[in-house]
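One structure below.
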Amino acid sequence: MGTEAGTARLACWNPGTPCWNPGIVGETAGMDALAPNLRRLRASAGLTQAELAAKAGVPRATLASMEQAGSNPGILAVQAVARALGIGLDDLVEPRPEERHYLIGPREQQDYRADAGRFSARLVSPIASKGVAIHRVVMQPRCHSIGRPHPPGAQEFFLTLVGTAVIEIEGESVEVPAGHLLQFPGHRRHSYGNPGRTVCEAVSSVVMQLG
């Protein structure tokens, strides 16, 4: 067990996050989310500071301090408040999902293959992300694959990186050479093709709703 400032540090309560000092929570950058999360969750529960403090068994002054940025509450107080709200500790101290960053490794990316494996689309965007899907597309020579229409309002952005792709949109064929981007309504019937003799690589981004 390591030490910091002469005080032994506890084991991490959540793998992948920095260990906390046993007495002070606010030493980690992740605690920046505590104050706004607590204010939002308390309001959603319809509780005043006094009511939540009583329910958690902590002084009202402690709770008021926790709702202020830069506070240094003890871990036991934070755990008590989380229990009183009926939520997990992560929900209280970590940024909201839409405010977090994600690093997606190859093993977490999903592959879709068609046309006897000659068409490959790998989902590289996080599954948790809402409203957007990004695929890395690889098409072998003479490849052709029918796309799946997306919900109305969706827009697809297809950027060819290597070679030339041919996107067919409701019977109309559009050549998309390397370095060019094609935008089209994702809900329309479409297909992807590579009529050339070399591999075609591209990135497809689907935004479910613009504006």
Residue among Ile104, Ile87 that alone is assigned to a loop (DSSP other than H, G, I, E, B) and modelled with pLDDT of 85 or more:
Ile87
Search the range 165-183 for residues being in contact with an Asp or Glu (Cβ under 9 Å, 6 or more places away or on another chain) and surrounded by fewer than 17 Cβ atoms within 10 Å (Cβ to Cβ), and hand back the single one that is farthest from Gly117 (Cα to Cα).
Gln183
So for the range 161-180 (the condition being at pLDDT 95 or above, among the polar types (S, T, N, Q) and touching a Phe, Trp or Tyr at 6+ places or on another chain (Cβ under 9 Å)), does at least one residue qualify?
no
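Each row is one residue, and each column tells you yes or no for (1) in the same structural domain as Asn37 (by TED's automatic domain parsing); (2) at pLDDT 85 or above.
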site	(1), (2)
Val81	yes, yes
Arg122	no, yes
Ser125	no, no
Lys130	no, no
Ile134	no, yes
Ser145	no, yes
His150	no, yes
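The values are calculated or read from the model by the stated rules, or taken from the named source; none is laboratory data. Everything numeric in this text was worked out from a predicted model, so none of it was measured. Every residue, glycine as well, gets a Cβ built from its backbone with ideal geometry; the counts of neighbours run over all protein chains shown.
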